[in-house]
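*Asks:* Mind looking over this structure? Questions follow.
The values are calculated or read from the model by the stated rules, or taken from the named source; none is laboratory data. All values derive from a computational prediction rather than experimental measurement. Cβ atoms come from the backbone with ideal geometry, glycine included; neighbour counts cover every protein chain shown. Ligands, DNA and RNA are excluded from the accessible area calculation, which covers all protein heavy atoms including side chains. Shrake-Rupley method; radii C 1.70, N 1.55, O 1.52, S 1.80 Å.
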Amino acid sequence: MRRTERRRRRGAVLGTALVVLLAAPAAPVVTSVSGDRPPADNVILLIGDGMGDSEIAAARNYSVGASGRLAMDTLDRSGRRTTASVDEHGDPVYVTDSAAGATAWATGRRTVNGRVSKTHDTDRPLPTLLEKARRQGLATGSVTTASLADATPAALAAHVSDRSCKGPEDMAACPADTRAAGGAGSVAEQTLAARPDVLLGGGGDHFAQTVRDGPHRGRTVLEQALAEGYHVVRDRAALRAARPDRPVLGLFAADYLHVEWTGKPAAPGGTASQRCATRNPARPAGTPTLAESTSAALALLTARRDRLGFFLQVEGASIDDRAHEADPCGQIGETLAFDRAVSVARAYAARHPRTLVIVTADHGHATQILPDDARPPGRSTTLLTDEGRPMLLAYATSTEQPGGSQEHTGVPVPVSASGPLAHRVLGLRENTELFTTVSEALGLG
Ligand SMILES: [Zn+2]
């Protein structure tokens, strides 16, 4: 759609909205009242997976101290979001997984744990923010440190009955979604079909799987991407050289990207006091950081001259993954890597003020900060922070044995925002309202 057509259409929608607003003075006032533009040109939605207040506090204490502030602490407005999902009957389930959590803001609807952007009862596809933004002529992108076929990025661009259906050879839990059954295929296939302009993350193994049915039968998903014009990049140098004339698919790892920091995992009875290693030798030198991928995505999206603005989601995925493993150094390193991506987004918004930046999480996690002389059950460790103080972190939501995965928690999560409509994050609201906020900010019909 051309710029003038889109403006006209948005103007008509806004005009109608303004009539309603004038008739109901108690309603919130739209930021832009010029009649021809929605409040924002761009939205950057940053998701720290499993990043509850405890996980943020652990990273804050360790790196900048108890009185310090991370980039994510200093956005203009902040509030909280509920996190509960539902069962097949629509009854509340108090602890969400990442698939239902991402579905809530991607579609504005709650669904059952494990399901990706489909209804809780009838298992039907729900339109997503990314699909709506693309239909309206905006550029779109998704950046993650997980596989691009993992639950959080999947919820933007795919609809499957179960999050495990990442590639065409992974469809056991999604019989109705297979191409043979007339479905849209795996997450990897559907993500390509949604045709975002920028996809950066891991998941090379999922895109290397062979399509079993339909017009691309016998090809891998990656071969399909190349045939459909995607520019595929595998490392930082290739990402830097990528041009915006074609969509870009960055696959920087077989599955999750290697984390930035390492250290001793928490153990039953605690560990000796430790400092985290801020360089992970297993992480290939050419792997872009989340901040670098975010920066590259913003440059590519901005340079799409044929587009009218953009919607970008950025996920710090391994905060959750490391918390499951009771690995506080990995978890804190990923939280800080995510925070540097927040800084990149805020610097972009400073240069492009019609950009709404939102930072939040899908659910809380198991981390607890305890008095340093406590003797907690479960697994624990003591970190020596940058300000020279002991910080006892405990994980006691699963068995004490290594490999006993720690659990998500049902707490509300913090949300903060800067830019147009930032005030919408104030107070305690439903996680599904993020969908409404982003839709209204971009004027999505
Ligand atoms: Zn998790």
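*Asks:* From 269, 263, 309, 250, which residue is surrounded by 15 or more Cβ atoms within 10 Å (Cβ to Cβ) and more than 23 Å from residue 347 (Cβ to Cβ)?
*Replies:* Answer to the selection: 263.
*Asks:* Let me ask another. Restricting the search to the range 104-128, which residues are open to solvent by 30 Å² or more (accessible area, probe 1.4 Å), within 16 Å of residue 430 (Cβ to Cβ) and either among the charged types (D, E, K, R) or within 16 Å of the ligand (Cβ to nearest atom) (or both)?
*Replies:* Correct list: 109, 110.
*Asks:* If you don't mind, another one. Quickly run through the range 415-427 and pick out the residues that are buried (at least 24 other Cβ atoms within 10 Å of the Cβ) and of a type in the set (Gly, Ala, Ser).
*Replies:* 417, 419, listed by residue number.
*Asks:* A follow-up question, please. Quick one: count up the residues across the range 70-101 that are over 19 Å from residue 50 (Cα atoms) and within 16 Å of the ligand (Cβ to nearest atom).
*Replies:* 0
*Asks:* Applying the selection to the range 77-113, what residues are farther than 15 Å from residue 412 by Cβ and small (Gly, Ala, Ser)?
*Replies:* Within the range 77-113, 90, 98, 99, 100, 102, 106, 108 qualify.
*Asks:* Another question about this same structure. With (1) open to solvent by 10 Å² or more (accessible area, probe 1.4 Å); (2) within 16 Å of the ligand (Cβ to nearest atom); (3) within 21 Å of the chain's Cα centre (by Cα) as the list, and residue 430 as the residue in question, which single condition is left unmet?
*Replies:* (2)
*Asks:* Just name the residue that is surrounded by the fewest Cβ atoms within 10 Å (Cβ to Cβ) out of those in the range 343-366 that are farther than 18 Å from residue 269 by Cβ and within 16 Å of the ligand (Cβ to nearest atom).
*Replies:* Checking each candidate, the answer is 364.
*Asks:* Here is a follow-up. Looking for whichever is under 20 Å from residue 384 (Cα atoms), more than 16 Å from the ligand (Cβ to nearest atom), modelled with pLDDT of 85 or more and small (Gly, Ala, Ser) here; the options are 40, 58. Which one fits? Steps first, please.
*Replies:* Working: 40 fails: under 20 Å from residue 384 (Cα atoms).
That would be 58, the only listed residue that is under 20 Å from residue 384 (Cα atoms), more than 16 Å from the ligand (Cβ to nearest atom), modelled with pLDDT of 85 or more and small (Gly, Ala, Ser).
*Asks:* So, one more: Name the single residue that is nearest to the ligand (Cβ to nearest atom) among those in the range 314-338 being over 20 Å from residue 199 (Cα atoms) and open to solvent by 10 Å² or more (accessible area, probe 1.4 Å).
*Replies:* 320
*Asks:* Another question about this same structure. Scan 101, 65 and give me the residue that is crowded, with 16+ Cβ neighbours inside 10 Å and modelled with pLDDT of 95 or more.
*Replies:* Only one candidate qualifies: 101.
*Asks:* Would you confirm whether or not the range 388-408 contains a residue that is hydrophobic (A, V, I, L, M, F, W, C), assigned to a loop (DSSP other than H, G, I, E, B) and in contact with a helix residue (DSSP H, G or I) (Cβ under 6 Å, 6 or more places away or on another chain)?
*Replies:* The answer is no; no qualifying residue exists.
*Asks:* Moving on. Which of the residues spanning the range 421-432 are out of contact with any helix residue (DSSP H, G or I) (no Cβ under 6 Å at 6 or more places or on another chain), of a type outside the set (A, V, I, L, M) and closer than 21 Å to residue 342 by Cβ?
*Replies:* First, the residues of the range 421-432 that are out of contact with any helix residue (DSSP H, G or I) (no Cβ under 6 Å at 6 or more places or on another chain): 422-423, 425-430.
After this cut, where a residue has to be of a type outside the set (A, V, I, L, M) as well, the list is 423, 427, 429-430.
Hits for the range 421-432 are 423, 429.
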